[in-house]
1. Against the globular-protein guess of 2.2 N^0.38 Å, express the Cα radius of gyration of region A:77-193 as a ratio, rounded to two decimals.
2. Please compute the contact order of chain A in relative form: average sequence separation of alpha-carbon pairs under 8 Å and at least six residues apart, divided by the residue count, as a percent.
3. So which chymotrypsin sites (Phe, Trp or Tyr not before Pro) in region A:98-143 end up in coil per DSSP with only 14 or fewer other C-beta atoms within 10 Å?
4. Could you please put A:LYS128, A:LYS94 in sequence from largest to smallest accessible area, using a 1.4 Å probe?
5. May I ask for the net charge around A:GLU44, where only other residues with Cβ less than 14 Å from the Cβ of A:GLU44 are counted and Lys, Arg are +1 while Asp, Glu are -1?
6. List every DSSP H helix in chain A whose Cα atoms extend 15 Å or more along the helix's own long axis and whose mean Kyte-Doolittle hydropathy is at least -0.5.
7. Please work out the average accessible area per residue across region A:2-169, using the 1.4 Å probe convention, and give it in Å².
8. Could you go through region B:82-87 in sequence order and give the Karplus-derived ³J(HN,Hα) for each residue, using 6.51 cos²θ - 1.76 cosθ + 1.60 with θ = phi - 60°, rounded to whole Hz, and x for Gly and Pro?
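The values are calculated or read from the model by the stated rules, or taken from the named source; none is laboratory data. These figures come from a predicted structure and were not determined experimentally. We place every Cβ from the backbone using ideal geometry, glycine too, and count neighbours over all the protein chains shown. Ligands, DNA and RNA are stripped out before the accessible areas are found, and what is left, the full protein with its side chains, is counted by its heavy atoms. Shrake-Rupley method; radii C 1.70, N 1.55, O 1.52, S 1.80 Å.
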Amino acid sequence: MSLHVPKSSFATGLVTALPIAMGYFPIAFSFGVAATRAGLTEVEAVGLSLIIYAGAAQFLALALITSGAPVLVAAFTLVAMNIRHVLYGPALMKRVGAGARRRYAWAWAFGLTDEVFGAALGALARGKVAFSEPFMFGLGLGAYAAWVSGTALGAFAGGAALEGWPVVDAALGFMLPALFLALLLSILSRAQLPAIAVAVLATVGVTLLWSGTAGILAGMVAGAVAGVLRFGGKRDAG
Amino acid sequence: MRAELLTLALILGAFTWAFRFFPTRADLSAMKPDGMLSRFLAATGPAAIATLFVASVLPMVQGAVSLPMGVGTVAVIAVYAVSRSVVGATLAGSAGYGAAFAMIGA
């Protein structure tokens, strides 16, 4: 356990963030390219990364914006998608103990993405680091810097940057489905299979019968309702 | 920055920050594991991600799953099974898709 490890520093957090940063940078680059392709300016693309800082939601925001979805519908969809983040804080605090200092959690929690949460929890569980707020700032800032700088590079390279590189273009085009699939695997558990199955069926059915935006809303709502109805007595293991 | 885009970013950014921050302060010990809210929270994430995965691949499926998509999907699953890394699996899936795309000269 981390009880006998000295509190980890800001620099330790930055080092722990390195693998995340290496992964974030190309994904953010592809977001920057996709954003300018979708008609956003460079400033708008970087602004989304600066303010939202949630990769999958940002990609979906592009799809919703270009499909002409109303702002409130888009916001509802994207907020619903990010609600999973409410589980990270309690899980992290449970690991570090109720007495852990969290005076500046309002600031470092901004950077508590899926990967930062996973890296923090993993490093703490392995006893490699001991929780401290400077460590969380270092971890979060390393990942955030990679995300924003990758977006900026992709945005300023422009939507036409990859026209001469069709293979790279194709690979980056699959980045979003790959990210969603990996995220799904990371939270998959047997108890959640009914919700996932219902969400998939509802998305496909409503998309084919009506529209993509309606399919997304239907999938999320139907899946969540199925989870409430079917999960009785089972704990989420995801 | 367009007002509509800035509004969307601020709404989503504010909610995302709230989702990440407030639970670090809240005492959720009183929340029943099998209660309605607990079940809703547990189901919302997987349902949302599954929905978004399907929504993102549907436009790529033209009657049948292409070889690049199959290779990319298998690469994501394989790398995640070995490494448990979301970032690593994502990059592997993208690389697998690109490699298969190059091989068939699509």
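1. 1.30
2. Computed value for chain A: 33 percent relative contact order.
3. Sparse-neighbourhood loop chymotrypsin sites (Phe, Trp or Tyr not before Pro): A:TYR104.
4. Largest to smallest exposure gives the sequence A:LYS94, A:LYS128.
5. That works out to 0.
6. Going by DSSP H runs, the hits are A:10-37, A:55-66, A:71-82, A:114-125, A:133-157, A:175-186, A:193-209, A:212-230.
7. Accessible area per residue: 41 Å².
8. Per-residue couplings from phi come out as 7, 9, 6, 10, 5, 5 Hz.
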